Every structure is written in C-alpha cells, then in structure tokens.
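Read the structure below first, then the notes.
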Amino acid sequence: MGSVSIREARKSYGALEVLHGVSVEIADGEFVVLVGPSGCGKSTLLRMLAGLESISGGEIAIDGRVVNALAPKERDIAMVFQSYALYPHMTVAENMGFSLKLGRRPREEIQDRVGTAARTLSLDALLDRQPRQLSGGQRQRVAMGRAMVRAPAVFLFDEPLSNLDAKLRVQMRAEIKQNHQRLRTTTVYVTHDQIEAMTMADRIVVMNGGRVEQIGTPLELYERPANLFVAGFIGSPA
Ligand code: ADP
Ligand code: MG
C-alpha cells in the first residue's frame, strides 16, 4: 500500500546542492520521523515526496511506483503544513471536503468522508464554523482532517505542531499517534523537536547538512548512537 522508497535522492538549487544522496526505506504503515537542525533539508525532502519540488537526482517510489515525474495530485499522498493554510472564507466542513469536491466526488461521499474524519478528530460540533472562529488546536485538527478525508496511502507532516503552545503540543502528539494506530497510514513526520521524535516515531531518521546520519528506532538511537552528532542531538533538550 503505502511503502516509500527514497534512493540516493539529491536536490540542488542552482549550483548549491542541499541534499547529497539521501536513502530511506519506509514500510507500509510505519510512522517515520525526520529530525535534524534547521536548514538540514527536512522540508526539502518532504516537498520532494509530495511533488512540490523537483528531484535533482536519485529516485523516489511510493508503493513500488517511481514518482519522480508525477505531479502532486497524481501521487497518493496528503501533506499537513505548519501554517495550516485553511481557506478563511470556507466553513470547517467545506475546508475538509474541498479536495474531494475538486476531484468531483459525489456529494454524499464527501459528506460521508468529512463526517467520519470529523468524528475521529472531535470536530463534529464545529463543522459550520469558519477558521477565524477556531482555536489553534482546532485549526490544526481541520488541517489534519483535510488530509484524512482523502484517505491517502501516505501522510506527510511538516512541523505541524510548532505554532502551538507546549500543553497543546503534547495533546496533539497523542492525538496524531492515536489516529495513526487506528488508520495505520504510512506517515513521514518532520520535526526539529527531539522529544517529539523520540515519543512518536517507529523509526527516526537523523539528518544533518543534507545527509542522513543514522536511521533507527528511538531505543537504538538512544542506546547506540552512530556518532557524536546523533548522541548530542538525541541527548539535548528541545
Ligand atoms: P529544514 O526544513 O531542515 O529546516 P530546508 O529543507 O528548508 O531545511 O532547507 C534546506 C537547505 O536548502 C537550506 O540551506 C535552505 O536555505 C535551502 N533552500 C530551501 N529552499 C530553497 C530555495 N527555494 N532556494 C534556495 N535554497 C533553498
Ligand atoms: Mg523545514
């Protein structure tokens, strides 16, 4: 279903190479966290998975199919951004159903899928509200709902919690994990927060300067860091 294979992926902006051959194999249903300092290339790699950036070298395959040349809408993925980017003039329900409407799905199916996602995300009572009437956490849930209604093979998250306060962040982490346990959708989750990585990941990919330093379970990285960078990164507070 949603396996992801990244083989020697490279990215250059003009003469500047920012990803120097990144390889990661992700199994169907896995929750993988990309972690590393600001500027190390996490968002670039995620945007390449989503089809929002071209791939300068190497290969990316989703469910065994090479997607290098495919447009975003031809890939079976949905991305949740840090800055939610909700449509301000639409209700919660309209926001959540919009991509399905664009895809010309029947109205009953859209209602059905929006209703199911709204129940999962505890948004049932808010479907008629507009984004400006919502709290930060509620907006974040709507952003997730928009991805969820599409039932993609892969979810991509780019620092989805970094605009929330600490208490809400902890709550939303738990919610995202619960949803993953229910849906088992392959997830690639970007954060620069080590605690988020350690508590959420099946496996963590530690990146630095456009390269992968180590891939492993939280316990493996904690007990057997491959080098001083990983040891320092895993050991330091967020
Ligand atoms: P991260 O998400 O890990 O903070 P990014 O993927 O955003 O890192 O950026 C990786 C590197 O690529 C950085 O050095 C950044 O300045 C550079 N970069 C990102 N987008 C562009 C762009 N559109 N043009 C030029 N350089 C870019
Ligand atoms: Mg980023």
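Within the span defined as region 46-56, every residue fails to be away from ligand 2 (no atom under 13 Å from the Cβ), of a type in the set (Val, Ile, Thr) and free of Cβ contacts under 8 Å to residues at least 24 places away in the same chain.
Taking the conditions (1) over 16 Å from the mean Cα position of the chain (by Cα); (2) in a helix (DSSP H, G or I) in turn, residue 177 satisfies each one other than (1).
For region 61-79, a tally of residues being surrounded by 14 or more Cβ atoms within 10 Å (Cβ to Cβ) and either part of a loop (DSSP other than H, G, I, E, B) or within 13 Å of ligand 2 (Cβ to nearest atom) (or both) returns 7. Any idea how many residues of region 103-138 are in contact with a helix residue (DSSP H, G or I) (Cβ under 6 Å, 6 or more places away or on another chain) and charged (D, E, K, R)? The number of residues fulfilling the criteria is 2.
Residue by residue, here is whether (1) over 23 Å from residue 4 (Cβ atoms); (2) out of contact with any helix residue (DSSP H, G or I) (no Cβ under 9 Å at 6 or more places or on another chain); (3) free of Cβ contacts under 8 Å to residues at least 60 places away in the same chain; (4) of a type outside the set (D, E, K, R) holds:
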| position | (1), (2), (3), (4) |
| --- | --- |
| 179 | no, no, yes, yes |
| 188 | no, no, no, yes |
| 199 | no, no, yes, yes |
| 226 | no, yes, yes, yes |
| 232 | yes, yes, yes, yes |
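For residue 187, the conditions (1) within 14 Å of the chain's Cα centre (by Cα); (2) of a type in the set (Ser, Thr, Tyr); (3) modelled with pLDDT of 90 or more; (4) over 22 Å from residue 61 (Cβ atoms) all hold with the exception of (4). With respect to the conditions (1) β-branched (Val, Ile, Thr); (2) closer than 25 Å to residue 162 by Cβ; (3) modelled with pLDDT under 95, residue 92 falls short on a single one, namely (3). Note on region 1-45: residues that are touching a residue at least 12 places away in the same chain (Cβ under 8 Å) and outside any loop (DSSP other than H, G, I, E, B) amount to 28. Residues in region 31-45 that are more than 10 Å from the chain's Cα centre (by Cα) and closer than 13 Å to residue 213 by Cβ were compared, and the one that is nearest to ligand 2 (Cβ to nearest atom) is 42. Scanning region 80-96 for residues that are of a type in the set (Val, Ile, Thr) and assigned to a helix (DSSP H, G or I) yields one hit, 92.
Can we say residue 58 is touching a strand residue (DSSP E or B) at 6+ places or on another chain (Cβ under 9 Å), at pLDDT 95 or above and surrounded by 13 or more Cβ atoms within 10 Å (Cβ to Cβ)? In short, yes.
The values are calculated or read from the model by the stated rules, or taken from the named source; none is laboratory data. Owing to the predicted nature of the structure, the values given are computational and were not obtained by experimental measurement. Please note: Cβ atoms are built from the backbone with ideal geometry, for glycine as well, and neighbour counts cover all protein chains shown.
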